[in-house]
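Remarks on the structure that follows.
Just so it is clear, none of the values below were taken in a lab; they were calculated from the coordinates. Since we're looking at a predicted model, the values are computed, not measured. In this analysis, Cβ positions are derived from the backbone assuming ideal geometry, glycine residues included, and neighbour counts consider all displayed protein chains.
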């Protein structure tokens, strides 16, 4: 594909940033998916799943292109293994989002009224963490251009600290959503298990974003 050819050159940084953007586009779809589940709109759920599948497929194609063209070593401070680890975390954001949409569609899951507020609140906090992860990855080119200069490293380190704070907030929201779910366990029956999985997957998106940040923190600390 021509646009991929243009992205993948000597440095994989631009393609890595593009891949993270695709992964976060997937994560953003969780909100409208949950809104469709809240409205018990099966057609809208299918449409959101189709869009997530499309975005995940594009992210997957780009991931394979990056892996194929990744040089053994580049920019001195960044080796191939480090960048591939970060790429895997990014890719998992798209993959987990796809898992959420598949389960929601396959089981025609309609969000109970008592779960709407805590689950949507969790999703919004998670998305904030994911978008912070994208902002950090967007700084990669600046890090390289400044030769990992002290000012830029300090700036990125502050951004990673903020990402950690946002991820901690998602932990509290996860606990609240899980408690609301288990309060309905008798009524929901076996469906409780599937709702719990959905909630855990949503929260995991923030954790994956934090892993991206933490791996970059190790990189800039060396």
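Details
- Highest-fluctuation residue, 180, 23, 59 considered, GNM on the chain with Cα pairs under 10 Å: 180
- Relative counts (whole %) of C-alpha pair distances in the stretch 146-222, using bins that are 10 Å wide: 18, 34, 22, 15, 8, 2
- For the stretch 2-221, the Kirkwood estimate of hydrodynamic radius, built from reciprocal distances between every pair of different alpha carbons, is 18.1 Å.
- Angle between the chain longest axis and helix 13-28 axis [Cα atoms, degrees, rounded to 10]: 10 degrees
- For the chain, calculated [θ]222 nm from helices alone, where every DSSP H run of n ≥ 4 adds -39500 (n - 2.57): -28500 deg cm²/dmol
- Residue exposure sequence - 145, 85 - by fewest surrounding Cβ within 10 Å: 145, 85
- Cα long-axis angle, helix 80-106 against the chain (0 to 90 degrees, to the nearest 10): 20 degrees
- Each 10 Å bin from zero up to the one holding the largest Cα-Cα distance in the stretch 94-187 carries the following percent of pairs: 15, 32, 28, 16, 9, 2.
- Angle between the chain longest axis and helix 191-221 axis [Cα atoms, degrees, rounded to 10]: 20 degrees
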